[in-house]
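J.: Starting off with a structure, shown below.
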Amino acid sequence: MSANPNGASIVSSNAGYSGTPLWKLKQQGAVQNINKIVEEAEEQKLHALDEENSETLRVSVDAVSLGRAEGIGEKPLVRHIIVKDLRKVAARSKMALPQGGLFENRAPLMFFAVFDGQSCADTPGPLTAEWCAKQVIPKLLRNLSALPAGYENQTFVKATLTKTFDDLDKEILRNQPGIHDGCGAAVALLVGEKLFSSVIGKCEIVLCEAGGPPQRVRYNPIALGSNQGRPDLPEETQFLQEAGGVVYTSEAGVPLVSGPSGASTSVSRSLGDRAWKGPDGGVPGSIKLLKGTPETRVTDLSWAERHQFMVLSSAPVAQTVTPDDCISAGAEFHGKPRAIAGEVTSKASEFPQNASAQCTSVVVHFIPKDEKAGGPPAAKKARKEAESVRLRHIVVKHRDCGQPFDPVRGRPIVRSREEAEAMLRTALRELNQEAKNTKTSMDASKAKLAALQPSPKYVSLCKELSECTTAQKGGGMMGDLGWLSNEGLHRFGPSFAETAKSLGVGQWSDLEAQNMASTSCSASRERRVGSSNKNVNKNNTTNNNITPKQNTVSPFSLALYGNSAAARANLPPSTDGQVLTYRRQEW
């Protein structure tokens, strides 16, 4: 017997065991599993490549849904999906994705979708939208994995996305006899900087494209599903009439199509809706009037340069909020997907026809590329992680938070989460307007010092709105959370920590849900912490539950300093109801 450097006993070839099978030696640990070592090394290499790619192409995403078409406790009519890293989903599902062409060098894959049971031919229902939301990713991954070598180009990826819709429609009609309703959909698949979009029914995807000279940049909307879904469109009308339908306009000015049974509908395409799909639907005497094929496009993205963001919306939103209105909201709350989605969805919910509808918007913001996307060395990264952050904020609670009580004014909280977010969007709008009208000193040191002091508008809003005891502090300490280390930030929630560390000096964040109420903060620092943006793409999220319940929502602006947490230790947090406040250590 001899020993290897790792201390494992190795049976020598002349010890009388030369006839022992190799698998037995591996089982006993006598021979290292070379294949396993090679696989682990390859996995580490691929993981490093994924991290490098995720640093280059990053997004921030959020969704807002208001209203329900059914009673409390019923299933939602709209389902949305957010997946920031589709490769992780494929790996966990043990699906082998293509490696060549568009997928070469493990190009980042992202997936976003909205399925709306209100975009249907008959009475709105939740079943088709729910089923499609559960099945679309497995079917898409299966179709992508079936692409042969040499066919990983945009033509075949586009065809794959279209086939996924066809598979969903056929599966419902043939193998889901209990599902009779239908749904529309808006799906976006990002393969590197290629956007593959599929829209069916009354849903929509609006892509924001910047144009014009640098001095006067104009944002133009591109509606990616505008050539389908309505009976009055020329191609749709031709198909419907040839299939035996009658296209006409109602007294209210709505284009409709009716079949031999006399039933009418305002959509020309949908998933499900078996009574309108002829023999495939299994309903005796029906003819096929509605198609289950989406409008699929391919767009070459100019990441965060010419193309800034996109909005995926349910039917009630797409029918009442114009693409120009979506772009206006995006320009007003630039880089803040939660505020944009809230503004667009709230505007749609105000229309009388949407009083009982479910309005949903998903906003995907393309984060500008980082020229130093490779990331700092491990030691430097560890130092940056240790840097402390200083914030000031505005907290607005809602009745669904852990302790719905205002400690500043001594009264219970009765407002809804939607009302809290509306208040904060108004505050954010006023703060942004103040920032535009404020002249910044050309002296960098003076500008930095000015960013540390609360602005007059912030002082006014903090006194008026904030339901955190930090609002009772005087002078420059109003709304101040003090110094927060990386650990301290995570006590507010992981998403809060990521957002806080990604902000620049004096920059205002998006509305942020905290483990307290609803907030707005400001902060500045001398050196940027570079870890948070990477986490945006590393996290893989699938969200089929609309507007998950959280304790707080908060937009905040941030002031970060370059000192490490070791140099400026934090005092323990003090708890005031559900609002955690951090006191700054004196120095």
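J.: Scan the strands (runs of 3 or more DSSP E) fully inside the range 57-163 and keep the ones with 3 or more residues being within 26 Å of residue 175 (Cα to Cα).
T.: 78-83, 109-116
J.: When you go through (1) surrounded by 20 or more Cβ atoms within 10 Å (Cβ to Cβ); (2) free of Cβ contacts under 8 Å to residues at least 12 places away in the same chain one by one for residue 428, which number turns out not to apply?
T.: Checking residue 428 against (1) surrounded by 20 or more Cβ atoms within 10 Å (Cβ to Cβ); (2) free of Cβ contacts under 8 Å to residues at least 12 places away in the same chain, the one that fails is (2).
J.: Filter the range 239-261 down to the residues that are closer than 15 Å to residue 278 by Cβ and in a helix (DSSP H, G or I), then identify the one that is most open to solvent (accessible area, probe 1.4 Å).
T.: 242
J.: Here are some residues: 356, 416, 388, 328. Which one is under 24 Å from residue 220 (Cα atoms) and either over 18 Å from the mean Cα position of the chain (by Cα) or at pLDDT 95 or above (or both)?
T.: 328
J.: So, of the residues in the range 494-518 that are under 17 Å from residue 468 (Cα atoms) and more than 17 Å from the chain's Cα centre (by Cα), which turns out to be modelled with the highest pLDDT?
T.: Looking at the filtered set, the residue picked out is 514.
J.: What are the residue pairs meeting all of these: first residue in the range 134-161, first residue at positive phi and open to solvent by less than 50 Å² (accessible area, probe 1.4 Å), second residue polar (S, T, N, Q) and modelled with pLDDT under 95, Cβ atoms under 7 Å, and 6 or more apart or on different chains?
T.: Close Cβ pairs satisfying both conditions: none exist.
Okay, residues lined up against (1) more than 14 Å from residue 205 (Cα to Cα); (2) in contact (Cβ under 8 Å) with a residue 60 or more places away in the chain:
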| position | (1), (2) |
| --- | --- |
| 299 | no, yes |
| 308 | no, yes |
| 325 | no, no |
| 334 | yes, no |
| 338 | yes, yes |
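J.: Quick one: would you say residue 280 is modelled with pLDDT of 95 or more, open to solvent by 40 Å² or more (accessible area, probe 1.4 Å) and not aliphatic (A, V, I, L, M)?
T.: So residue 280 does not fit the description; no.
J.: Checking the conditions here, which among 416, 441 is out of contact with any Gly (no Cβ under 7 Å at 6 or more places or on another chain) and loosely packed, with under 12 Cβ neighbours inside 10 Å?
T.: On inspection, the qualifying residue turns out to be 441.
J.: If you go through the range 410-426, how many residues are within 30 Å of residue 450 (Cβ to Cβ), in contact with a strand residue (DSSP E or B) (Cβ under 6 Å, 6 or more places away or on another chain) and not charged (D, E, K, R)?
T.: 3
J.: If residue 470 meets every condition in (1) open to solvent by 40 Å² or more (accessible area, probe 1.4 Å); (2) assigned to a helix (DSSP H, G or I) apart from one, which number is that one?
T.: For residue 470, the failing item is (1).
J.: Need the failing condition index for residue 226 against (1) under 27 Å from residue 268 (Cβ atoms); (2) part of a strand (DSSP E or B); (3) modelled with pLDDT under 95, just the number.
T.: Result: residue 226 passes all but (2).
J.: Another question, then. Within the range 277-322, track down each residue that is more than 14 Å from residue 199 (Cα to Cα), in contact with a Cys (Cβ under 9 Å, 6 or more places away or on another chain), not aliphatic (A, V, I, L, M) and not in a strand (DSSP E or B).
T.: Scanning the range 277-322 gives 316, 320.
J.: Confirm whether residue 298 is within 27 Å of residue 160 (Cβ to Cβ) and in contact with a strand residue (DSSP E or B) (Cβ under 8 Å, 6 or more places away or on another chain).
T.: Considered against the rule, which asks whether it is within 27 Å of residue 160 (Cβ to Cβ) and in contact with a strand residue (DSSP E or B) (Cβ under 8 Å, 6 or more places away or on another chain), residue 298 comes out as yes.
J.: I would also like to ask the following. Kindly evaluate residue 275 against the criterion of being small (Gly, Ala, Ser), open to solvent by 10 Å² or more (accessible area, probe 1.4 Å) and closer than 13 Å to residue 182 by Cβ.
T.: yes
J.: Could I ask something else about it? So, in the range 396-406, how many residues would count as being open to solvent by 40 Å² or more (accessible area, probe 1.4 Å) and assigned to a loop (DSSP other than H, G, I, E, B)?
T.: Going through the range 396-406 one residue at a time, the tally reaches 5.
J.: Looking only at the range 451-467, which residues are among the polar types (S, T, N, Q) and either open to solvent by less than 40 Å² (accessible area, probe 1.4 Å) or more than 18 Å from residue 426 (Cα to Cα) (or both)?
T.: Within the range 451-467, 453, 455, 466 meet the criteria.
J.: Take the residues in the range 169-220 that are without any contact (Cβ under 8 Å) to a residue 60 or more places away in the chain and surrounded by 14 or more Cβ atoms within 10 Å (Cβ to Cβ); name whichever of them is nearest to residue 104 (Cα to Cα).
T.: For the range 169-220, the residue satisfying everything is 171.
The values are calculated or read from the model by the stated rules, or taken from the named source; none is laboratory data. Note that this is a predicted model, so its numbers are computed, not measured. Please note: Cβ atoms are built from the backbone with ideal geometry, for glycine as well, and neighbour counts cover all protein chains shown. Keep in mind that these areas ignore ligands, DNA and RNA; they rest on the heavy atoms of the full protein, side chains included. Shrake-Rupley method; radii C 1.70, N 1.55, O 1.52, S 1.80 Å.
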